[in-house]
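Let me begin by presenting the structure, written as structure tokens, before commenting on it.
The values are calculated or read from the model by the stated rules, or taken from the named source; none is laboratory data. These numbers were taken from a predicted model, which means no experiment stands behind them. Cβ placement follows ideal geometry from the backbone for every residue including glycine, while neighbour counts extend to all protein chains displayed.
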Amino acid sequence: MSEFILNRLGIIMKSEPGNPQEVEGVLNPAAIRGPDGELYLFPRIVGKGNYSRIGIAKVLFNKSGDPYAVKRLGIALEPEADYELRPDGGGCEDPRITFMEKLKCYIMTYTAFSSQGPRIAIAISDDLFHWKRLGLATFDPYQGIDFVHVDDKDASIFPIPIPNHNGKMQLGLIHRPLFPGTRPDETSHDAKPRKVDITHESIWISYCPIPTIYDNSFHIGLFNSHHRLATPVMPWERLKIGGGTPPILTKHGWLIIYHGVGEITESNDNEKKRLRYSAGAMILSKEHPQMIRYRSSDPILIPTLSEERKGTIENVVFPTGIDQRLDIDQPDRFDVYYGMADNLIGVARLDLPDFLPEKREADPPKAKV
């Protein structure tokens, strides 16, 4: 086997009838194993007026070892800090959670949605049930690029220190700044082929010194070095790419299931073009994660189910959580949890291929910052 394929296992979570906290959907969850070995989801749950909280739910498995349902356990975070609040509401959205092995703690990155727009926020926990906010991620500029005063989303953290561009072992953060003019609804009118501004339309890795100990004074410092990781290349992602599941180490390197946005033509709607969010696979070098070893030429998951094509936002599959199935002695099996049309949560199975396919598409050789 030499291809990355996601096989759907089903819908794992829907809005609970009569629950006002979920009236506008449940979506885009983090997935992480707890200290007890159980798998927990941290879905974005959306109340009236796009008021988003981050919930906690325990995943239930059937006799075959497949996830089939969840048990709700409460709320992990809801908008309280000024950077999470707006005059008309607030948002703690789209979390990703990593267990930082060196520090023996969990680090959550999530989108804080205030009147200033979406920004990357960070929280920590030692048990997954009690979270301490660390505030917004802070960044140094890079060659005139300002990461601070622009919208930023889809962040996740490597579970171990990784080498920055100078070889220094640091905390690595994957993120996707949304510079003005780079959103899909702003670029979808451009004729193909569209010239990509690689400094402003890319996934980045940023680095900061790693804390030495997890205690009451724990904090994450300034991200002061940066590397452009990946740029839109293929037609299915020509409008935007962004982070998805947190990086997880496999026999081939660091695996990321990311999202890409392209256009489709609805033949039953007067040939009107619509946006489509799909998922792709990316493998980064284990020793040098700035290097892409493999990247999908074609998406490995596209919206085809009615629940993925119709919802709050049409034509969306949006991967955010991943679980390596070590619990059933299948280290090459990964369950990927994803948002369906910004309304439901689905899960799909990825079996890691025995070797990386030879055909791959990364950034063109001359596409350098």
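Selection over the stretch 10-25 of residues that are crowded, with 17+ Cβ neighbours inside 10 Å and either part of a strand (DSSP E or B) or among the small types (G, A, S) (or both) gives a count of 4. Count of the stretch 71-87 residues, restricted to those that are surrounded by fewer than 16 Cβ atoms within 10 Å (Cβ to Cβ), within 17 Å of E38 (Cα to Cα) and of a type outside the set (A, V, I, L, M), is 2.
Of the residues making up the stretch 281-297, not one is over 19 Å from the mean Cα position of the chain (by Cα), in contact (Cβ under 8 Å) with a residue 40 or more places away in the chain, in a loop (DSSP other than H, G, I, E, B) and surrounded by 15 or more Cβ atoms within 10 Å (Cβ to Cβ). Among the residues making up the stretch 197-220, those that are within 22 Å of L178 (Cα to Cα) and among the small types (G, A, S) are S202, S206. I'd like to check something: does the stretch 26-47 contain any residue that is charged (D, E, K, R), touching a residue at least 24 places away in the same chain (Cβ under 8 Å) and not in a strand (DSSP E or B)? No.
Just so you know, in the stretch 1-54 the residues that are among the acidic types (D, E) and out of contact with any helix residue (DSSP H, G or I) (no Cβ under 7 Å at 6 or more places or on another chain) include one that is nearest to N343 (Cα to Cα), and it is E24. Filtering P118, P141 for residues that are without any contact (Cβ under 8 Å) to a residue 24 or more places away in the chain and of a type outside the set (G, A, S) leaves a single hit, P141. Once the stretch 232-251 is narrowed to residues that are modelled with pLDDT of 95 or more and in a loop (DSSP other than H, G, I, E, B), the residue that is surrounded by the fewest Cβ atoms within 10 Å (Cβ to Cβ) is K251.
In this entry, Y106 passes the filter for residues that are buried (at least 19 other Cβ atoms within 10 Å of the Cβ) and in a strand (DSSP E or B). None of V23, V59 is in contact with a Pro (Cβ under 7 Å, 6 or more places away or on another chain) and farther than 30 Å from S206 by Cβ except V59. Being crowded, with 24+ Cβ neighbours inside 10 Å and within 24 Å of S296 (Cβ to Cβ) is the requirement here; does N7 meet it? No; evaluated as a whole, the condition is false for this residue.
Tell me whether the stretch 139-148 contains one or more residues that are within 19 Å of the chain's Cα centre (by Cα), farther than 27 Å from A57 by Cβ and of a type in the set (F, W, Y). Checked against the condition, which is being within 19 Å of the chain's Cα centre (by Cα), farther than 27 Å from A57 by Cβ and of a type in the set (F, W, Y), the stretch 139-148 yields at least one hit. Among the residues of the stretch 60-69, just one is touching a residue at least 60 places away in the same chain (Cβ under 8 Å) and part of a strand (DSSP E or B), namely P67. When E78, E84 are screened for being among the charged types (D, E, K, R), over 30 Å from P209 (Cβ atoms), touching a Cys at 6+ places or on another chain (Cβ under 8 Å) and without any contact (Cβ under 8 Å) to a residue 40 or more places away in the chain, only E78 passes. Of the residues making up the stretch 135-159, those that are hydrophobic (A, V, I, L, M, F, W, C) and crowded, with 16+ Cβ neighbours inside 10 Å are L136, A137, F139, I145, F147, V150, A155, I157, F158. Consider D363 carefully, then state whether it is touching a Ser or Thr at 6+ places or on another chain (Cβ under 6 Å), in a loop (DSSP other than H, G, I, E, B) and modelled with pLDDT of 95 or more. No: the conditions fail for D363.
If I filter the stretch 299-307 for residues that are in a helix (DSSP H, G or I) and over 22 Å from D152 (Cα atoms), do I get at least one hit? Yes: one or more hits. Among what's in the stretch 298-341 and is in contact with a helix residue (DSSP H, G or I) (Cβ under 6 Å, 6 or more places away or on another chain) and of a type in the set (A, V, I, L, M, F, W, C), pick the residue that is surrounded by the most Cβ atoms within 10 Å (Cβ to Cβ). The qualifying residue surrounded by the most Cβ atoms within 10 Å (Cβ to Cβ) is M340. For W204, the conditions (1) aromatic (F, W, Y); (2) farther than 21 Å from G144 by Cβ; (3) within 15 Å of the chain's Cα centre (by Cα) all hold with the exception of (2).
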